[in-house]
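Structure, as structure tokens:
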Amino acid sequence: MKISIAKTSGFCFGVNRAVKIVYDLILSGKKVCTLGPIIHNPTVIENFKNMGVSIVEKPSLIPDDTILIIRSHGITRSTLEYISLKGVKYIDTTCPFVKKIHNIVIKYSNKKSLLLAAGNKNHPEMIGIRSYFEGTSYVFKNLNELKEILKKISNRNYDDVILISQTTFSVEEWKKCAFFLKNMFTNIKVFDTICNTTHSRQKEAEFLSKKSDLMIVVGGKQSSNTRKLYEICSTHTKTVWIESVDELVDSIFYGCETVSIVAGASTPTDLVDEVYNYIKNR
Ligand code: SF4
């Protein structure tokens with residue numbers, strides 16, 4: 001059996017930076033907490049918990065003697081205002097690609113403007129982005145949802161109409177939605193804010209899935225970018241999505257001559273190597 005690992009596997013730049021900062025702080029004896037899990041990977045989170053990193057669900061629960069790590073997804077404007085007012089010590093690891101979207105949204109924020117955002121409305125990154133916009137905003141997951149939203153918009157007299165996407169949105173779906181909207185709003189300002197790593201991971205996942213009998217996607221079930229990789233791979237070949245090597249069963253390999261492994265941006269290289277070695281040894 002031929003086994004390949006995607007070259008783009010492993011932590012992306014933003015996750016790597018956030019994780020490294022947490023490790024460095026713990027090793028220097030600091031108390032650290034995060035607002036929600038720092039990344040969407042249960043193995044890394046468990047490891048951090050064992051090292052003493054606490055996870056709080058609300059800013060009001062941040063202990064006094066602890067440094068808050070703002071996750072790479074970013075936080076909402078009101079949370080930032082709250083922690084600044086309370087004098088909470090924090091380190092902001094919001095990814096620069098997410099910050100770039102905040103800045104676009106802030107620039108066009110106006111009660112008479114419209115923000116159309118491609119992504120998942122419940123994802124912390126999207127909740128954060130929308131919080132910086134004062135006008136009307138809508139989030140859609142695909143072209144069909146976008147069309148439904150547009151039916152509800154009766155007033156088209158906006159000062160500005162802007163289109164952005166979550167950093168981990170599907171590149172293919174983005175192209176369809178952007179094309180459609182350019183025909184609907186002649187004055188729309190389109191910002192392709194899908195990040196570089198998402199572009200390259202999705203491209204490689206598509207390439208590998210077209211020539212593999214089986215794709216193994218490794219990453220947290222809450223990870224938005226891992227979900228996109230899974231969706232891309234499943235349209236081309238048999239695909240399984242696992243969080244760890246324990247979930248692999250021998251029967252999925254029957255009849256497969258080529259197997260490829262891809263991983264989300266919050267999946268450590270160690271986990272990918274474990275999967276590779278497991279298959280090789282079997
Ligand atoms: S996926 Fe992209 S935007 Fe998100 S943390 Fe990684 S590099 Fe930054």
Pair list, Cβ < 8 Å and 6+ apart or interchain, from segment 1-23 residues that are more than 28 Å from residue 279 (Cβ to Cβ) and assigned to a helix (DSSP H, G or I) to residues that are of a type in the set (A, V, I, L, M, F, W, C) and more than 13 Å from the ligand (Cβ to nearest atom):
18/69; 21/69; 21/91; 22/32; 22/48; 22/53; 22/69
Being more than 9 Å from the ligand (Cβ to nearest atom) and in a loop (DSSP other than H, G, I, E, B) is the filter here, so list the residues in segment 95-113 that pass it.
108, 109, 110, 111, 112, 113
Residue within segment 34-43 that is touching a residue at least 24 places away in the same chain (Cβ under 8 Å) and part of a strand (DSSP E or B) present:
yes
Residues to consider are 39, 67; find the one that is farther than 24 Å from residue 164 by Cα and either among the β-branched types (Val, Ile, Thr) or assigned by TED's automatic domain parsing to the domain that holds residue 262 (or both).
67
The conditions are (1) in the same structural domain as residue 119 (by TED's automatic domain parsing); (2) touching a residue at least 24 places away in the same chain (Cβ under 8 Å); (3) in contact with a strand residue (DSSP E or B) (Cβ under 7 Å, 6 or more places away or on another chain), and residue 139 fails exactly one of them. Which is it?
(2)
Please determine whether any residue of segment 22-36 is within 16 Å of the ligand (Cβ to nearest atom), within 15 Å of the chain's Cα centre (by Cα), β-branched (Val, Ile, Thr) and surrounded by 15 or more Cβ atoms within 10 Å (Cβ to Cβ).
no
Select from segment 150-184 the residues that are within 16 Å of the ligand (Cβ to nearest atom), touching a helix residue (DSSP H, G or I) at 6+ places or on another chain (Cβ under 9 Å) and not in a loop (DSSP other than H, G, I, E, B) and write down the one among them that is nearest to residue 233 (Cα to Cα).
171
When you scan segment 48-66, how many residues do you find that are surrounded by 15 or more Cβ atoms within 10 Å (Cβ to Cβ) and not aliphatic (A, V, I, L, M)?
3
Of the conditions (1) over 18 Å from the mean Cα position of the chain (by Cα); (2) modelled with pLDDT of 95 or more, residue 117 clears all except one; give me its number.
(1)
Check on residue 81, of a type in the set (Asp, Glu), outside any loop (DSSP other than H, G, I, E, B) and not assigned by TED's automatic domain parsing to the domain that holds residue 185
yes
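Report yes if residue 120 is within 16 Å of the ligand (Cβ to nearest atom), in the same structural domain as residue 176 (by TED's automatic domain parsing) and assigned to a loop (DSSP other than H, G, I, E, B), otherwise no.
On the way: within 16 Å of the ligand (Cβ to nearest atom): yes; in the same structural domain as residue 176 (by TED's automatic domain parsing): yes; assigned to a loop (DSSP other than H, G, I, E, B): yes.
Taking the combined requirement at face value, the residue satisfies it.
Mind checking which residues of segment 123-149 are closer than 21 Å to residue 225 by Cα and in a helix (DSSP H, G or I)?
Restricting attention to segment 123-149, the residues satisfying the condition of being closer than 21 Å to residue 225 by Cα are 123-130, 138-146.
Answer for segment 123-149, where residues must be closer than 21 Å to residue 225 by Cα and in a helix (DSSP H, G or I): 124, 125, 126, 127, 128, 129, 130, 143, 144, 145, 146.
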Restricting to segment 2-21, and then to whatever is within 30 Å of residue 256 (Cβ to Cβ) and surrounded by fewer than 15 Cβ atoms within 10 Å (Cβ to Cβ), can you tell me which residue is nearest to the ligand (Cβ to nearest atom)?
7
Just for segment 189-211: of the residues that are among the hydrophobic types (A, V, I, L, M, F, W, C) and within 16 Å of the ligand (Cβ to nearest atom), which one is nearest to residue 226 (Cα to Cα)?
205
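The values are calculated or read from the model by the stated rules, or taken from the named source; none is laboratory data. Every value quoted in this text rests on a predicted model; they were computed, and no experiment measured them. Using ideal geometry, Cβ is built from the backbone for each residue, glycine included, and neighbour counts are taken over all protein chains shown.
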